[in-house]
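As structure tokens, the structure follows; a few thoughts come after it.
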Amino acid sequence: MYQNNWESLNSRPVPGWFEDAKFGIFIHWGLYSVPAYAPIGNYAEWYGYNMHNVGSETHDFHLANYGEGFKYADFVKDFKAELFDAQDWVSLFEKAGAKYLNIVSKHHDGFCLYKSDYAWNWNSVDVGPHRDFCAELKAACDKSDVKFGAYHSVYEWFNPLYLKNPEEYALKHLIPMLKEFVEKYQPHTLFTDGEWEHESSVWHSTDFLTWLYNESSVKDYIVPNDRWGKETRGRLGGNFTSEYGLIEANRSVEELVGKRVFEECRGIGASFGFNRMEDVNNYMSAQDLIELFVDLICAGGNLLLNVGPAADGTIPVIMRERLLQIGEWLDVNGQAVYAGRAYKKSSTQDVSYTQKDGNVYAFVKYFPFGQLLLKDIEYSENIKASLLGATCKIDCKNEDGKLKLLFPALNPDLIEAKYVYVLKLEGLI
């Protein structure tokens, strides 16, 4: 039994499935997907907050396009989700090679994508599309290899009880609502957020986590994160999280390496919620995304890559394309990714490593031409090397005690691999 204190709760290991999974999909979708607007570089899912900031670009946009009398709640009528297909989404995520998803069940606006006793008339079942999107996604996930998980904001911008008394809000609204969600949908992940205004004691976070770890129906497999109070990120909780490379102000993802299983979350563009202001230049290329992914897994982390569907329930084509490109890469190189562990910190930026089942995998960020000296690998005559996605013979040589690989002439058109090339090293460990 875990005790109601951070020392005890922090002793709970992160369930192994999460560290094996490596790749998850974040989904920011809600009323903010109707205006789908933010200045480039900003988060579109904060529309409901920023529309009230007089003088801001979002405020000006709202007045120009919807008028002063149009309230945030009025977007409900246009959040129709008429093209939403849970099976299509989950099938896409499977093809991308993702092993879990986090749907934003409730963002900071308080609007829920499921039926909740604690959000009467402010959820997608009571109003708008009259559908329980969390239930539909979970049902689709249960038929697939993608585990269902959720994001849930701990605070709500304009909830009267929160504005009056945050601790009373936590006790009467937040904690009961979290327990309701967990028992109803039995998620594999619980990504909380919005914790930064108060210490974890105000949120009664340890009370909830003690229940989650000891009594809940998901106690054996659920993976919560570290966003439980203004003092907790990168220090306390389940898996540690970074966002666009940062934990919080002036703390980078590198500070998480080696401390605990960690997860980097980010959008393919600069926003989580769909932002119509972004164009192709604001989206990461497949090359950039896969290189980022490799950097994370070789440092012992996961990638939680976000998609921001449109209000009609479709995932924008450029996001679908990026996911499928990652999936194609994983089809070739997945054996070096899933269930792998960091091997050693590389001394170069172009080569990094994982280890699995007694083999070491070297990830190379350029096309292997001619020869490659792996300065981080000691030579042994027992080593055998192969290039995933190719059938060529690779010779292993000793160069001053380090492993040197000699490649035959390679025709890129005959190699299945691209973006980042993976070498399998057998007989090394």
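Looking at Ile315, is it in a loop (DSSP other than H, G, I, E, B), more than 26 Å from Leu405 (Cα to Cα) and under 18 Å from the mean Cα position of the chain (by Cα)?
Numbers: in a loop (DSSP other than H, G, I, E, B): yes; more than 26 Å from Leu405 (Cα to Cα): yes; under 18 Å from the mean Cα position of the chain (by Cα): yes.
Against the criterion (in a loop (DSSP other than H, G, I, E, B), more than 26 Å from Leu405 (Cα to Cα) and under 18 Å from the mean Cα position of the chain (by Cα)), Ile315 qualifies.
Looking only at residues that are part of a loop (DSSP other than H, G, I, E, B) and among the aliphatic types (A, V, I, L, M) in the range 110-142, which one is farthest from the chain's Cα centre (by Cα)? So that I can check it myself, show each step before the final result.
Going through the range 110-142, the residues part of a loop (DSSP other than H, G, I, E, B) turn out to be 110-111, 113-122, 124-132, 142.
When the remaining residues are screened for being among the aliphatic types (A, V, I, L, M), the result is 113, 119, 125, 127.
On the way: Leu113: 19, Ala119: 26, Val125: 26, Val127: 28 Å.
The selected residue is Val127.
For Ser200, state whether it is within 27 Å of Lys99 (Cβ to Cβ) and hydroxyl-bearing (Ser, Thr, Tyr).
Working: within 27 Å of Lys99 (Cβ to Cβ): no; hydroxyl-bearing (Ser, Thr, Tyr): yes.
Considered against the rule, which asks whether it is within 27 Å of Lys99 (Cβ to Cβ) and hydroxyl-bearing (Ser, Thr, Tyr), Ser200 comes out as no.
Going through the range 3-21 one residue at a time, which ones are within 17 Å of Pro224 (Cβ to Cβ) and assigned to a helix (DSSP H, G or I)?
Pass one, the range 3-21, residues within 17 Å of Pro224 (Cβ to Cβ): 3-19, 21.
Result: Trp6, Glu7, Ser8, Leu9, Gly16, Trp17, Phe18, Glu19, Ala21.
Under 6 Å by Cβ, and 6 or more places apart or on different chains, what pairs join a residue from the range 339-352 that is over 16 Å from Arg260 (Cα atoms) with one that is surrounded by fewer than 17 Cβ atoms within 10 Å (Cβ to Cβ)?
Ser347/Lys375
Looking at (1) farther than 23 Å from Leu289 by Cβ; (2) in the same structural domain as Ala311 (by TED's automatic domain parsing), which is the only condition Met1 fails?
Just one mismatch for Met1, condition (2).
Just to verify a result, which residue in the range 78-99, among those that are in a loop (DSSP other than H, G, I, E, B) and more than 15 Å from the chain's Cα centre (by Cα), is nearest to Lys138 (Cα to Cα)?
Just the residues of the range 78-99 that are in a loop (DSSP other than H, G, I, E, B), to begin with: 79-85, 97-99.
Restricting the remaining residues to those that are more than 15 Å from the chain's Cα centre (by Cα) gives 79-85.
Numbers: Phe79: 21, Lys80: 20, Ala81: 17, Glu82: 19, Leu83: 18, Phe84: 14, Asp85: 12 Å.
Restricting to residues being in a loop (DSSP other than H, G, I, E, B) and more than 15 Å from the chain's Cα centre (by Cα), the top hit is Asp85.
What is the residue count in the range 239-278 for residues that are over 19 Å from His107 (Cβ atoms) and in contact with a Leu (Cβ under 8 Å, 6 or more places away or on another chain)?
7
Kindly list the number of the only condition in (1) crowded, with 18+ Cβ neighbours inside 10 Å; (2) in a loop (DSSP other than H, G, I, E, B); (3) not aromatic (Phe, Trp, Tyr) that fails for Gly24.
That leaves (2) as the condition not met.
Ala64 - would you say it is within 26 Å of Tyr244 (Cα to Cα) and either out of contact with any Cys (no Cβ under 7 Å at 6 or more places or on another chain) or not polar (S, T, N, Q) (or both)? Walk me through it before giving the result.
Numbers: within 26 Å of Tyr244 (Cα to Cα): no; either out of contact with any Cys (no Cβ under 7 Å at 6 or more places or on another chain) or not polar (S, T, N, Q) (or both): yes.
No.
Evaluate the following for Arg322: is it crowded, with 19+ Cβ neighbours inside 10 Å and either of a type in the set (S, T, N, Q) or in contact with a strand residue (DSSP E or B) (Cβ under 9 Å, 6 or more places away or on another chain) (or both)?
It is true that Arg322 is crowded, with 19+ Cβ neighbours inside 10 Å and either of a type in the set (S, T, N, Q) or in contact with a strand residue (DSSP E or B) (Cβ under 9 Å, 6 or more places away or on another chain) (or both).
If you go through the range 27-68 one residue at a time, how many are surrounded by fewer than 17 Cβ atoms within 10 Å (Cβ to Cβ), in contact (Cβ under 8 Å) with a residue 60 or more places away in the chain and in contact with a Pro (Cβ under 9 Å, 6 or more places away or on another chain)?
0
It is to be established whether one or more residues within the range 285-297 are among the small types (Gly, Ala, Ser) and over 22 Å from the mean Cα position of the chain (by Cα). Working first, answer last.
Going through the range 285-297, the residues among the small types (Gly, Ala, Ser) turn out to be 285-286.
If we keep only those that are over 22 Å from the mean Cα position of the chain (by Cα) too, we end up with none.
Checked the range 285-297: no residue is among the small types (Gly, Ala, Ser) and over 22 Å from the mean Cα position of the chain (by Cα).
Within the range 201-224, track down each residue that is in contact with an Asp or Glu (Cβ under 9 Å, 6 or more places away or on another chain) and within 17 Å of Met177 (Cβ to Cβ).
Answer for the range 201-224, where residues must be in contact with an Asp or Glu (Cβ under 9 Å, 6 or more places away or on another chain) and within 17 Å of Met177 (Cβ to Cβ): Val202, Trp203, His204, Ser205, Ser216, Ser217, Val218.
Which residue is surrounded by the fewest Cβ atoms within 10 Å (Cβ to Cβ), if the candidates are limited to the range 142-168 and must be in contact with a Leu (Cβ under 7 Å, 6 or more places away or on another chain) and more than 15 Å from Val104 (Cβ to Cβ)?
Pass one, the range 142-168, residues in contact with a Leu (Cβ under 7 Å, 6 or more places away or on another chain): 146, 148-150, 152, 154, 168.
Cutting the leftovers down to more than 15 Å from Val104 (Cβ to Cβ) gives us 146, 168.
Details: Val146: 26, Glu168: 11.
Only one residue fits best here, namely Glu168.
For Trp211, indicate whether it is under 21 Å from Ser8 (Cα atoms), among the aromatic types (Phe, Trp, Tyr), out of contact with any Lys or Arg (no Cβ under 8 Å at 6 or more places or on another chain) and at pLDDT 95 or above. Walk me through it before giving the result.
Values: under 21 Å from Ser8 (Cα atoms): yes; among the aromatic types (Phe, Trp, Tyr): yes; out of contact with any Lys or Arg (no Cβ under 8 Å at 6 or more places or on another chain): no; at pLDDT 95 or above: yes.
Answer is no for this residue.
Determine which member of the set Val307, Val364 is modelled with pLDDT of 95 or more and either more than 23 Å from Gly149 (Cβ to Cβ) or surrounded by fewer than 22 Cβ atoms within 10 Å (Cβ to Cβ) (or both). Before the answer, list the steps.
Details: Val307 fails: either more than 23 Å from Gly149 (Cβ to Cβ) or surrounded by fewer than 22 Cβ atoms within 10 Å (Cβ to Cβ) (or both).
Only one candidate passes the filter, namely Val364.
I'd like to verify a number: residues in the range 55-73 that are not in a helix (DSSP H, G or I) and not acidic (Asp, Glu), how many? First the steps, then the outcome.
Going through the range 55-73, the residues not in a helix (DSSP H, G or I) turn out to be 55-56, 66-71.
Still in the running and not acidic (Asp, Glu): 55-56, 66-67, 69-71.
Qualifying residue count, the range 55-73: 7.
Could you say which residue among Asp78, Asp88 is without any contact (Cβ under 8 Å) to a residue 40 or more places away in the chain and surrounded by fewer than 21 Cβ atoms within 10 Å (Cβ to Cβ)? Before you say what the answer is, go through the steps one by one.
On the way: Asp78 fails: without any contact (Cβ under 8 Å) to a residue 40 or more places away in the chain.
On inspection, the qualifying residue turns out to be Asp88.
The values are calculated or read from the model by the stated rules, or taken from the named source; none is laboratory data. Remember, predicted model here, so these are calculated numbers, not experimental data. Backbone-built Cβ (ideal geometry, glycine too); neighbour counts: all protein chains shown.
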